[in-house]
Amino acid sequence: MANFSNALFYGLLFFIWFAATTFFRYVLKKRKNGSKPVRHPPSPPSLPIIGHLHLLGSIASKSFQTLANQYGPLIRLRIVSSTVVVVSNAAVAKEFLKNNEMNFVSRPQFGAADFNIYAGSEFVNAEYGPYWRFMKKLCMTELLSVPQVNRFVDIRRQEMMKLLEILVSFSEEGKACNLGVELMTMTNNVVSRMAMSTRCTPALDESKLLWEFVKEILELAPKFALGELFGPIGKFDLFGYGKRAKALISKFDSLVEKIMVEHEDELNSSSKERKDMMDILLEIHRDKTAEVKLSRTDIKSFLMELFMAGTETVSVALTWTLAELINHPKVFQQLRDEINAVVGSKRRVQESDVPKLLYLQAVVKESLRLHAPAPLIFRRCGEDCKINGYDILANERVAFNVFAIMKDPSSWDNPLEFQPERFMVGSKGAYDDYQMDIKGQNFNIFPFGSGRRGCPGASLALAVVHSAVALLVQCFDFRVQGGEKINIEEGSGLSAGLAHPLMCYVTPHLNPLELVVNEAK
């Protein structure tokens, strides 16, 4: 009897999904047969019900790239009940993101939003409007501005020193180290201390929940893609991911509420010399004359997004850069030579040294080009428009395949090779200054997005990546566990990190503990 009930339940769900899909296809067909025929971008042959699902592998960006090579840089795919327009070329991306930016300035909502207790307070995926503009302005002028990032240089230095101390201990014990895990811990701590003066590490009871939230929510996020395939049925949470996400966010909410109360007590009792992000947000929350009234929910939502967007992407960028350096010993040595020439061997490299370390900057740019922390960037079409002669319909999702764009052979020589020299002014085969911009003005390389929706945390991300890479190269030699080279197979997560752990034996080249002693003299 139970089996019959289950079969009836899933049969009913299938009927609802099939009916919904048929209805939406009918509406689109009616629109197509109206007074103005719709000319969609090219599509590969599809199958009934599943559409183009059979053409996609575990790494969507790679699958999109393969389809673009066959059907062109602007294609339209149907994946079960969802459609997406995929852009895989810099020139086409420019048409969307620059020439028609305001029509694609909003981001689509995904199924995970239905299980977010902060729904309506999101910043990252908020509708383009007064709230989003206020938060973006706040990020650029206060929360994530260059002056604010610079105020916390000592925190980044302290957390990186803790990382170096951990690597020294691994070396002394002769054990292999999972660099990816240690880099994630360091990044989490940097973000957590800048955001709310709290460390994020499993070793401390109070912040263990914060560490677990970041780890688990990032593991859970890609699984919501499965629910997206089923359209309206995804709201039924068939796989239980929504319930789990809601529980995780509720735990996060309780922890952050406790920290908020502590911050409010401090603000009431004294004036802090250095305000973290939570202090700034709470002051605006209290300001009756503020342009937009921030609620406590808005503050918590922003902090959650900061952890989700700011920790994994930065640690993934660090991991990829180290992996490429270890696999390219000549590049590694050239970078170390530059650090020795600029900094010497008596002190640790500092963030203030980075502007003089031109090869370091080239290494980071090349790593970001090959391994974008966000390989797919999504936008939503506001109103019907034409791009390159094709109709893009209102509310259609558009995916910019940054993974493919930054490896396009029409834009880059030897696009799959790790060649930092291409970003060195005056080097043979180097590109011009415009090509070297990575902040979103150049559509051949925009790892942080572009335009109004560009990542507001780019300055912080680059500060962490540059200084951490420089310190690790200056202080340690790395030997790969189980082989001569690191397996650089890409994983299937949202930020496309390494598929396998970055396991290495580390040996001090310049012992960072001794350098600290030298600096103190």
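The values are calculated or read from the model by the stated rules, or taken from the named source; none is laboratory data. What you are looking at is a predicted structure, and each value in this text was computed from that prediction instead of being measured. Cβ: placed from backbone, ideal geometry, glycine included. Neighbour counts: every protein chain shown.
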Lys428: passes all of (1) modelled with pLDDT under 95; (2) surrounded by 15 or more Cβ atoms within 10 Å (Cβ to Cβ); (3) among the basic types (Lys, Arg) but (2)
In the list Val343, Val314, which residue meets the criterion of being surrounded by fewer than 22 Cβ atoms within 10 Å (Cβ to Cβ) and at negative phi?
Val343
Residues satisfying the stated conditions in region 166-205, i.e. in a helix (DSSP H, G or I), polar (S, T, N, Q) and touching a Ser or Thr at 6+ places or on another chain (Cβ under 7 Å)
Ser171, Thr185, Thr187, Asn188, Asn189, Ser192
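Are any residues in region 286-295 of a type outside the set (A, V, I, L, M, F, W, C) and either at pLDDT below 95 or touching a strand residue (DSSP E or B) at 6+ places or on another chain (Cβ under 6 Å) (or both), and if so, which ones?
Within region 286-295, the subset of a type outside the set (A, V, I, L, M, F, W, C) is 286-289, 291, 293, 295.
Of everything in region 286-295, those that are of a type outside the set (A, V, I, L, M, F, W, C) and either at pLDDT below 95 or touching a strand residue (DSSP E or B) at 6+ places or on another chain (Cβ under 6 Å) (or both) turn out to be Arg286, Asp287, Lys288, Thr289, Glu291, Lys293.
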Scan of region 153-199 for residues that are among the acidic types (Asp, Glu) and without any contact (Cβ under 8 Å) to a residue 24 or more places away in the chain, ordered by number
Asp154, Glu172, Glu173, Glu182
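Could you pull out the residue among Glu266, Glu283, Glu219, Glu257 that is more than 22 Å from Gln109 (Cα to Cα), modelled with pLDDT under 90 and part of a helix (DSSP H, G or I)?
Glu266
Could you list all residues from region 87-138 that are among the β-branched types (Val, Ile, Thr) and within 28 Å of Ile299 (Cα to Cα)? Let's see the steps before the verdict.
Of region 87-138, the ones among the β-branched types (Val, Ile, Thr) are 87, 92, 105, 117, 124.
Selection gives Val105, Ile117, Val124.
Looking only at residues that are free of Cβ contacts under 8 Å to residues at least 60 places away in the same chain and among the charged types (D, E, K, R) in region 274-298, which one is nearest to Phe252 (Cα to Cα)?
First, pick out the residues of region 274-298 that are free of Cβ contacts under 8 Å to residues at least 60 places away in the same chain: 275, 279, 282-283, 285-290, 293-294, 296.
If we keep only those that are among the charged types (D, E, K, R) as well, we get 275, 279, 283, 286-288, 293, 296.
Details: Lys275: 22, Asp279: 18, Glu283: 21, Arg286: 22, Asp287: 25, Lys288: 27, Lys293: 22, Arg296: 13 Å.
Within region 274-298, the match that is nearest to Phe252 (Cα to Cα) is Arg296.
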Give me a count of the residues in region 136-147 that are out of contact with any helix residue (DSSP H, G or I) (no Cβ under 6 Å at 6 or more places or on another chain) and surrounded by fewer than 21 Cβ atoms within 10 Å (Cβ to Cβ).
7
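Which ones in region 142-159 are over 18 Å from Ser192 (Cβ atoms) and either touching a Gly at 6+ places or on another chain (Cβ under 9 Å) or not in a loop (DSSP other than H, G, I, E, B) (or both)?
Filtering region 142-159 down to residues over 18 Å from Ser192 (Cβ atoms) leaves 142, 145-147, 150.
Answer for region 142-159, where residues must be over 18 Å from Ser192 (Cβ atoms) and either touching a Gly at 6+ places or on another chain (Cβ under 9 Å) or not in a loop (DSSP other than H, G, I, E, B) (or both): Glu142, Val146, Pro147, Asn150.
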Test for Leu163: is it within 21 Å of the chain's Cα centre (by Cα), among the hydrophobic types (A, V, I, L, M, F, W, C), part of a helix (DSSP H, G or I) and buried (at least 17 other Cβ atoms within 10 Å of the Cβ)
no
Flagged in region 191-211 as at pLDDT 70 or above and either more than 25 Å from Asp279 (Cβ to Cβ) or under 16 Å from the mean Cα position of the chain (by Cα) (or both), in numbering order, are Val191
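Here's the yes/no breakdown for (1) of a type in the set (Gly, Ala, Ser); (2) assigned to a loop (DSSP other than H, G, I, E, B); (3) within 19 Å of Ser295 (Cα to Cα):
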residue	(1), (2), (3)
Asn69	no, no, no
Glu95	no, no, no
Phe123	no, yes, yes
Trp132	no, no, yes
Met140	no, no, no
Residue in region 166-173 that is crowded, with 17+ Cβ neighbours inside 10 Å, at pLDDT 90 or above and within 22 Å of Ile217 (Cβ to Cβ) present
no
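Listed here are the residues, each with its yes/no results for (1) buried (at least 17 other Cβ atoms within 10 Å of the Cβ); (2) not aliphatic (A, V, I, L, M).
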{"position": "Ile49", "(1), (2)": "no, no"}
{"position": "Ile59", "(1), (2)": "yes, no"}
{"position": "Leu74", "(1), (2)": "yes, no"}
{"position": "Leu77", "(1), (2)": "yes, no"}
{"position": "Val85", "(1), (2)": "yes, no"}
{"position": "Ala91", "(1), (2)": "no, no"}
{"position": "Phe96", "(1), (2)": "yes, yes"}
{"position": "Asn100", "(1), (2)": "yes, yes"}
Within region 491-515, tally of residues that are farther than 28 Å from Met161 by Cβ and touching a strand residue (DSSP E or B) at 6+ places or on another chain (Cβ under 7 Å):
3
